[in-house]
C-alpha cells in the first residue's frame, strides 16, 4: 500500500498511540531493557529506564551502549509522537551523535526528547538524559531519522489502531499475543 492520501485526525491520533505502544511493548530490545514511556505528546517524549546490573558497564553504572540506545529510542519516539503518517510510516535512524557527560551511580535514567525539526522525510530530535533521582545530566544526543515509505502491514496496523486493538496491530504476525498470554 502507498501512504494514505488522507488520514483523518482520529486516524493520526490512533497511529501515534499505536506507535507509543509499539515502542514500549513490541520492540524486543526496548522491552528486554524495560524501557517505559512516560510522555508521548506532539514533539516530545520521555523514556525511563530503571537501573539493572545486566545493563551496566560497572556496578551501578549503565553501559554507554545502553545510554546511546536510549537516546536513539527517545529521539525517534519524539519524532513519531507528532508525525504526520501521510508522509510515511517506515522509520530509520540515519545519524546519532552522543556526548557522555557524567554518570549517576545506582540511578535509573530519564531521557527527555524533543523533535527539533521536521522535514519532508528527514527529522531531527535532541535528547537529554538525566539520573532519575538526582536529575544529574548524564548524556546529550542528537538523532536524525528518515521516515519514508510504508511499513509492511500498514493497512492491518491502521485497522487495528482505529479499534484501539494495539496487541494485534502489528506487521509481524509472530508478535501477536496469543489468547493465553493476554
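Any chance the range 145-156 includes a residue that's surrounded by 19 or more Cβ atoms within 10 Å (Cβ to Cβ) and modelled with pLDDT of 95 or more?
So far as the range 145-156 goes, yes, one or more of its residues are surrounded by 19 or more Cβ atoms within 10 Å (Cβ to Cβ) and modelled with pLDDT of 95 or more.
Among the residues of the range 60-70, is there at least one that is free of Cβ contacts under 8 Å to residues at least 60 places away in the same chain, surrounded by 13 or more Cβ atoms within 10 Å (Cβ to Cβ), closer than 19 Å to residue 126 by Cα and out of contact with any strand residue (DSSP E or B) (no Cβ under 9 Å at 6 or more places or on another chain)?
Checked the range 60-70: at least one residue is free of Cβ contacts under 8 Å to residues at least 60 places away in the same chain, surrounded by 13 or more Cβ atoms within 10 Å (Cβ to Cβ), closer than 19 Å to residue 126 by Cα and out of contact with any strand residue (DSSP E or B) (no Cβ under 9 Å at 6 or more places or on another chain).
Hey, among 153, 108, 119, which residue is out of contact with any helix residue (DSSP H, G or I) (no Cβ under 8 Å at 6 or more places or on another chain) and free of Cβ contacts under 8 Å to residues at least 12 places away in the same chain?
The match here is 119.
Look through the range 161-182, keep the residues that are surrounded by 14 or more Cβ atoms within 10 Å (Cβ to Cβ) and at pLDDT 90 or above, and return whichever of them is nearest to residue 21 (Cα to Cα).
Step by step, filter the range 161-182, then rank; the result is 161.
Touching a residue at least 12 places away in the same chain (Cβ under 8 Å) and buried (at least 17 other Cβ atoms within 10 Å of the Cβ), is that true of residue 82?
yes
From the list 42, 34, which one is exposed (fewer than 15 other Cβ atoms within 10 Å of the Cβ), in contact with a strand residue (DSSP E or B) (Cβ under 9 Å, 6 or more places away or on another chain), at positive phi and at pLDDT 95 or above?
34
Looking only at the range 4-31, count every residue that is crowded, with 18+ Cβ neighbours inside 10 Å and more than 13 Å from the chain's Cα centre (by Cα) and tell me the total.
2
Of all residues in the range 40-59, count the ones that are part of a strand (DSSP E or B), without any contact (Cβ under 8 Å) to a residue 60 or more places away in the chain and more than 14 Å from residue 104 (Cα to Cα).
Qualifying residue count for the region: 2.
Could you please let me know if residue 104 is crowded, with 20+ Cβ neighbours inside 10 Å, more than 30 Å from residue 15 (Cβ to Cβ) and in contact with a strand residue (DSSP E or B) (Cβ under 6 Å, 6 or more places away or on another chain)?
yes
The values are calculated or read from the model by the stated rules, or taken from the named source; none is laboratory data. From a predicted model like this one, the values you see are computed outputs, not experimental measurements. Neighbour counts are summed over all protein chains in view; Cβ atoms, including those assigned to glycine, are modelled from backbone coordinates with ideal geometry.
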